[in-house]
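None of the figures in this text is laboratory data; all of them are computed from the coordinates on show. It should be emphasised that the depicted structure is a prediction, and the values quoted were computed from it without experimental measurement. No Cβ is skipped: glycine too gets one built from the backbone with ideal geometry, and neighbour counts run over all protein chains shown.
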Amino acid sequence: MRNNIVFEGADQLTYEIREIVDIAEKIEKTGVKIVWNNIGDPVAKGEKIPEWIKEIVAETVKNDDKSYAYSPTRGLLATREYIAKERNLEGGIQITPEDILFFNGLGDAISKVYTYLNSKARVIGPNPAYSTHSSAEAGHADAPHITYKLDPNNHWYPDLDDMRTKIKANKNICGILIINPDNPTGMVYPQEILKKIVDIAREFKLFIISDEIYSNLFYGVEHKKLASVIGEVPGLALRGISKEFPWPGSRCGWAEFYNCDKDKDFARYAKTLLDAKRLEVCSTTLPQKVLPKVMSDTRYYPYLAERNKIYQKKSEIAYESFSKIPELIVHKPNGAYYMTIVFKNGVLNNKQKLLPANPGAWKIIEGISETDKLDKRFVYQLLASKGICVVPLSSGFNSDLYGFRIVLLEPDEKKFKQNIETIADAIKEYLKSK
Ligand SMILES: Cc1ncc(COP(=O)(O)O)c(C=O)c1O
């Protein structure tokens, strides 16, 4: 090439949640049956879409030709009106349809949120981190993502002293990211903590990004949105239907902008995102058409409550099993459908081993197994030995902790329990093998 064509932040773009799939597929070819416990797609894991949702989609596809058309760049007006009305009924900050911008899923939103942020402006995010955010943020700045700790010894709540210290020390930090409910920990932010984060943002003149894609998936606690506490601080909330309906293939999500009228830089930034979206014309139309029909249906919230009950039950099953292993730190999640298990300091080493299912499977992971990331070493051996695919915390979630994330999506409770017990037994075998 005449000039360097490689994007400066290219090395920051990693997504272990899907990268591990390539390895798992190779292992599958050696005859090992793989249990996919790595990806947060309820449909891929076999959850059934309610018939009444399918009927709404089918009726729209059949009778509404406009569902095949482009939509306005911001999104369909009727849909934005519906979202704004629902948001305002919840109390907290009030918005108008003009404060809403649709994207082709939150993956698209996240990419634009960081791409169109000044490259010197940094957003501090949680550790463990969800890699779509952390990689995109790191890529935009061509520097490692800056994080605050989520504390596994305190319900995975954020360490606000750590957040404040890092913000104080780094003048480039302009924004705080929260994911609520959180991926990968399943933690739900108590409203008191949200208020303290807003206080920090106010004190240092920052904006807040709140990823609320799981905001209707929570159990055992109350969930409060950023909108309930944001006051006059600039912020944006990200929501979508991938997890809720669930319809991840629809590629439909949206941003709600708060307090553009109170900060002209934030307003300019929000307009840049709209302008960037304009270059692309618009986002997917059909899911926007059906969104108000599905969400306003009297069956919608009971349906979500039912799903939440099932996730809660599975979180209890997993907790029951893992909490018996003294070398682990385990918390029952309260939201989304993930759980993160941490190995206590010093319990892993690079001699531990699981018997591989066959020599071919071992050959595939032998090299990876030499990594100095000791949780990744365990996760790949678990894959080659038991065929269970989970995601390591260090390489998958940009974390300095060793552990792994499981998903609570297996619809068959008996199978789910068996898989959890297999992982728990494998941990015991691995730790004993030193
Ligand atoms: C926290 C979080 N945000 C955003 C996304 C992406 O969602 P979408 O399907 O809307 O791109 C995910 C997907 O797993 C997620 O976990």
Straight-line reach check, Lys428, cutoff 16 Å on alpha carbons, 8 or more apart in-chain or any other chain, hits among aspartates and glutamates -> Glu320, Glu327, Asp375
Of the listed pairs Lys26/Lys353; Lys29/Lys332; Lys48/Lys309; Lys314/Lys373, those with alpha carbons more than 23 Å apart are Lys29/Lys332; Lys314/Lys373
Stokes-Einstein D for the range 95-134 (20 °C, 1.002 mPa s, Kirkwood Rh from Cα pairs), in µm²/s, comes to 181 µm²/s
Computed over the Cα atoms of the range 380-433, the Rg and Dmax in Å are 11.9, 33
Filtering the chain for DSSP H helices with an axial alpha carbon extent of at least 24 Å and a Kyte-Doolittle mean of at least -1.0 returns 413-432
Given 249-259, 26-36, the highest-first ranking by average Cβ count within 10 Å works out to 249-259, 26-36
In whole Å, largest first, the alpha carbons of the range 259-348 cover along the principal axes 53, 40, 27
Between the modelled labels at Tyr303 and His155 (7 Å from Cα along Cα→Cβ) the distance in nm is 3.1 nm
hull vol. (C-alpha, convex hull) per residue for the chain, Å³ -> 162 Å³
In the range 179-287, lysine pairs 8 or more places apart or on different chains with C-alpha atoms under 22 Å apart total 17
Calculated from DSSP helices alone, with each H run of at least 4 adding -39500 (n - 2.57) and the total divided by the residues of the chain, [θ]222 nm to the nearest 500 comes to -13000 deg cm²/dmol
Mean-square fluctuation maximum in Gaussian network of the chain, Cα pairs under 10 Å, restricted to Ser131, Ser119, Ser395, hits Ser119
Once the in-chain neighbours fewer than 8 apart are removed, the aspartates and glutamates whose Cα is under 12 Å from Lys293 read Glu55, Glu59
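Could you compute how fast the range 136-271 diffuses translationally, taking Rh as the Kirkwood radius over C-alpha pairs and applying Stokes-Einstein at 25 °C with viscosity 0.890 mPa s? Give it in µm² per second.
The calculation lands on 155 µm²/s.
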Restricting to Cα pairs under 8 Å and 6 or more apart, the percent relative contact order of the range 66-295 works out to 28 percent
The answer for trypsin sites (Lys or Arg not before Pro) in the range 269-300 that fall in a DSSP coil and have at most 16 neighbouring Cβ atoms within 10 Å is Arg299
Partner aspartates and glutamates whose C-alpha sits under 14 Å from that of Lys120, ignoring same-chain residues fewer than 8 away, are Glu8, Glu137, Asp142
Cα-Cα pairs in the range 66-295 separated by more than 23 Å, as a whole percent of all pairs, come to 44 percent
